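The values are calculated or read from the model by the stated rules, or taken from the named source; none is laboratory data. Everything quoted here is computed from the prediction, not taken from an experiment. Note that we place each Cβ from the backbone using ideal geometry, even for glycine, and neighbour counts take in every protein chain shown. Just so you know, the surface numbers come from the protein's heavy atoms only, side chains and all, with ligands and any DNA or RNA stripped out. Shrake-Rupley method; radii C 1.70, N 1.55, O 1.52, S 1.80 Å.
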Amino acid sequence: MIRNLWATVSLLAVSLLAALGAAQAQSSSSTSSSHYPTGPINLVIPLAAGDATDTSARAIIEELSRELKVAIVPVNRPGAAGALGTDLVVKAPKDGHTILLTNNAALVFRTVLDPKTATYDPFRDLAPLALAMRSPSILVANAEQPYRNFKEMIEYGRKAPLGIGTAGVGSVGHFCINTIAALTNTELTMVPYTGATPAVTAVRGNHVGAVILALGTMTGHLKSGAVRGIVISSKVSDFPEIPTLAELGYSEPLFGIWTAFFAPAGVPPEVVNTLVPALERAITAPSVAARLKPLGIVPEYAPPAKLVAEMRDEHRRVSELARQAGLVK
């Protein structure tokens, strides 16, 4: 009787294993026959909702969603100058259903200045997909300040302490200040704020000598005459009178702000081969350019290889500046 019982149990076990094997095979066959994407894609944006870059991102992902015929779900994860959201994607499943839209502050500046916070390697831990957009950096001062142009501001800074506000330590503006200080041999004090909004409040209230922020943040204040543009990283048609450093005779430009799409390193080739052309079509859609222009942001597509080349060149410049300024060893 016991022998018959064990025989029955053994038969059931064999049957169960066979059933599980068949189910796994069916599942694997189903997965291999499906095409990416198989469902909604989470797009992590390491910025606060309502930020100009966040607003621009939503214009692009509307087009991307139409291209891929799936929902693209924006997930805002601000913090540590973009490092928190970037790290989230680095550690995400490598199936292409969690991707990243972030800027050079998180990928280049933060990794050089604060590697303890930005523990990822942007060249090793992320798969580049597309450069998406650019925004010039602009140095502005309150219209009531005594200096009316770059030369007068530097002369003022050589006679009295001059604090220049930024969106925070490790921001693009932080390194723009280092660039200006090195080129003009002038001691400037970087005043870090917890984002662009308090920096704007500070310059509007004359609590700081000037600020360096993204153009989109300052466009309305420039047009109202409340602040005066001193120097900009690249020319824009709306403010042709604001010079670049090159126009003023300097050899190094200010850093601008660029934003790009990435996936976790190690995603299947199908993910990259699907997303890269879809992103190109979405980024270059005329409707996107029309929606980004009022924000002071310009859509600009570049493929993965060109994006990585720009990242490496900027990483070199930032590393050199950081060493010269004594910010890193």
Check your understanding: So how do 172-183, 50-61, 311-322 stack up, highest first, on mean other-Cβ count within 10 Å?
Key -> 172-183, 50-61, 311-322
Review point. By per-residue mean of other Cβ atoms within 10 Å, what is the highest-first order of 245-253, 292-300?
Key: 292-300, 245-253
Check your understanding: Using a 1.4 angstrom probe with every protein chain in place, what is the largest-first accessible-area order of GLU280, GLU187?
Key -> GLU187, GLU280
Review point. Taking Cα pairs under 8 Å and at least six residues apart, what relative contact order does the chain come out at, in percent?
Key: 25 percent
Check your understanding: Of [x] 158; [y] 168; [z] 187, which one was derived for volume of the Cα convex hull per residue in Å³ from the structure shown?
Key -> [x]
Point to revise | Built amide H within the under 5 Å cut-off of ASN76, gap 5+ | key: ILE45
Practice item. Report, in whole Å, the centroid distance computed from the Cα atoms of the stretch 56-120 and the stretch 238-316. Key: 14 Å
Study note, to complete from the structure: Taking Lys and Arg as +1 and Asp and Glu as -1, residues besides LEU292 with C-beta under 15 Å from its C-beta add up to -2
Study note, to complete from the structure: In the stretch 157-296, taking the dipole from +1 charges on Lys and Arg beta carbons and -1 charges on Asp and Glu beta carbons about the Cα centre, the listed residue (PRO286, SER251, PRO161) farthest towards the positive end is PRO161
Review point. In nanometres, what is the gap between the two model label sites at VAL169 and THR186, each 7 Å from Cα along Cα-to-Cβ?
Key: 2.5 nm
Point to revise | LYS306 - accessible surface, heavy atoms, 1.4 Å probe, Å² rounded to 10 | key: 140 Å²
Review point. What order do you get for 284-290, 200-206 when each peptide is scored by the mean count of other beta carbon atoms within 10 Å, highest first?
Key: 200-206, 284-290
Exercise for review: May I ask you to rank LYS91, LYS235 by accessible area, largest first, using a 1.4 Å probe over the protein chains only?
Suggested key: LYS91, LYS235
Review point. With charges set only on the Cβ (+1 for Lys and Arg, -1 for Asp and Glu), what does the dipole of the chain come to about its Cα centre, in debye to the nearest 20?
Key: 320 debye
Check your understanding: In the chain, which helices (entire DSSP H runs) extend 15 Å or more along their own long axis, judged by Cα positions, while averaging at least -0.5 on the Kyte-Doolittle scale?
Key -> 2-33, 52-68, 172-184, 269-283
Exercise for review: Can you figure out the FRET efficiency of ALA246 with GLU152, using R₀ = 25 Å and their beta-carbon distance, to the nearest 0.05?
Suggested key: 0.85
Check your understanding: For labels at ALA71 and LYS159 in the simple 7 Å Cα→Cβ model, what's the distance in nm?
Key -> 6.1 nm
Study note, to complete from the structure: Whole-Hz Karplus couplings 3J(HN,Hα) for the stretch 291-300, θ = phi - 60° and coefficients 6.51, -1.76, 1.60, Gly and Pro as x, run 7, 7, 4, x, 8, x, 10, 10, x, 8
Practice item. Before rounding to the nearest 500, sum -39500 (n - 2.57) across all DSSP H runs of length at least 4 in the chain and divide by the residue total; then give [θ] at 222 nm in deg cm²/dmol. Key: -14000 deg cm²/dmol
